[in-house]
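Peer 1: Pasting a structure here, questions to come.
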Amino acid sequence: MSYRYSDENTPPPARKASEVAQTTFEHVYEVDPRLMQTHVLQQVFPNWDTLRIMHARHDHLEWMHHHFAHTTISGSELMGDTTT
């Protein structure tokens, strides 16, 4: 087993997703860090931790819905309410 700091802590080059967001890994979108430097201290996240959080998001949302939501609606249902 080997460990290389640059391999573990340097994400792939960011691609611009919008004016305020970027993506590094597939399906991982984040606020452009340049927009957050004034108010939020940026931390170095290992690549494996970013991917772990991303893969666990559905379990986390399911748990939150089960414990705190009386009703859940999809984004498309919500958008349908605003466009009519």
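Peer 1: Could you grab me the full set of residues in segment 1-44 that are assigned to a loop (DSSP other than H, G, I, E, B), touching a strand residue (DSSP E or B) at 6+ places or on another chain (Cβ under 7 Å) and among the charged types (D, E, K, R)?
Peer 2: Asp32, the sole residue that qualifies.
Peer 1: Just to verify a result, which residue in segment 38-57, among those that are touching a Phe, Trp or Tyr at 6+ places or on another chain (Cβ under 9 Å) and not polar (S, T, N, Q), is farthest from Val28 (Cα to Cα)?
Peer 2: Residue satisfying both the conditions and the ranking: Ile53.
Peer 1: Scan segment 32-46 residue by residue and report those that are out of contact with any helix residue (DSSP H, G or I) (no Cβ under 9 Å at 6 or more places or on another chain) and surrounded by 10 or more Cβ atoms within 10 Å (Cβ to Cβ).
Peer 2: Asp32, Pro33, Arg34, Leu35, Met36, Gln37
Peer 1: Sticking with this one: Say we look at segment 58-81 and pick out the residues that are farther than 20 Å from Val28 by Cα and among the charged types (D, E, K, R); which of these is modelled with the highest pLDDT?
Peer 2: It comes out as Glu77.
Peer 1: Looking at segment 1-31 only, could you name the residues that are surrounded by 11 or more Cβ atoms within 10 Å (Cβ to Cβ) and either among the small types (Gly, Ala, Ser) or on the phi > 0 side of the Ramachandran plot (or both)?
Peer 2: Selection gives Ala14, Ala17, Ala21.
The values are calculated or read from the model by the stated rules, or taken from the named source; none is laboratory data. Bear in mind that the values here come from a model prediction, so they are computed numbers and not experimental data. Counting neighbours? That spans all protein chains shown, and the Cβs are built from the backbone with ideal geometry, glycine included.
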